[in-house]
Amino acid sequence: MPPRQRAAMLGDSRAKALDRAALPGRSVADETHRLLYLVEHDLRGLSPAQLASLHRALGEAVRRETRRGGRIRYLQRIDVPAELRCLCLFEAAGPEVVRRVNDIAQFPLARVVTVHSSVPAG
């Protein structure tokens, strides 16, 4: 996602923080081969403590993958408590790396889909 579009969506400080989480020395604009992936997690049967642990494990799995040269960023989490699910947005080179970090974190996922994001004009 272009930096201006990201700043419009997230606010300048949040966008800059995400850019700093990119691979060292590379900006989001340099990452032309990354796509957005939305992961749906089924939260049924998980306690709040288990859920918090899974989110920490997922963040750590992404950090490890990035240190190993994997091209992935964990951009956003959206909890939907009424439906006992969570949606996580990743920017990655492909769906396999997204599945891999979720498997490493042992976070039960329902599906991974490629998505496009845009900011409405106006």
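The values are calculated or read from the model by the stated rules, or taken from the named source; none is laboratory data. Treat the numbers as computed from the prediction; the structure is a model and nothing was measured. Neighbour counts are summed over all protein chains in view; Cβ atoms, including those assigned to glycine, are modelled from backbone coordinates with ideal geometry.
Quickly run through region 70-119 and pick out the residues that are free of Cβ contacts under 8 Å to residues at least 40 places away in the same chain, loosely packed, with under 15 Cβ neighbours inside 10 Å and farther than 17 Å from LEU36 by Cβ. Within region 70-119, VAL80, PRO81, ALA82, GLU83, ASP103 qualify. Those strands (runs of 3 or more DSSP E) of region 67-122 in which 1 or more residues are on the phi < 0 side of the Ramachandran plot and touching a Ser or Thr at 6+ places or on another chain (Cβ under 7 Å) occupy 72-80.
The residues of region 40-53 that are more than 13 Å from the chain's Cα centre (by Cα) and surrounded by 14 or more Cβ atoms within 10 Å (Cβ to Cβ), listed by number, are ASP42, LEU43, LEU46, LEU51, SER53. Take VAL101 and decide whether it is at pLDDT 95 or above and in contact with an Asp or Glu (Cβ under 6 Å, 6 or more places away or on another chain). For VAL101, the condition - at pLDDT 95 or above and in contact with an Asp or Glu (Cβ under 6 Å, 6 or more places away or on another chain) - is met.
Kindly evaluate ARG56 against the criterion of being surrounded by 13 or more Cβ atoms within 10 Å (Cβ to Cβ), of a type outside the set (A, V, I, L, M) and modelled with pLDDT of 95 or more.
Details: surrounded by 13 or more Cβ atoms within 10 Å (Cβ to Cβ): no; of a type outside the set (A, V, I, L, M): yes; modelled with pLDDT of 95 or more: yes.
For ARG56, the condition - surrounded by 13 or more Cβ atoms within 10 Å (Cβ to Cβ), of a type outside the set (A, V, I, L, M) and modelled with pLDDT of 95 or more - is not met.
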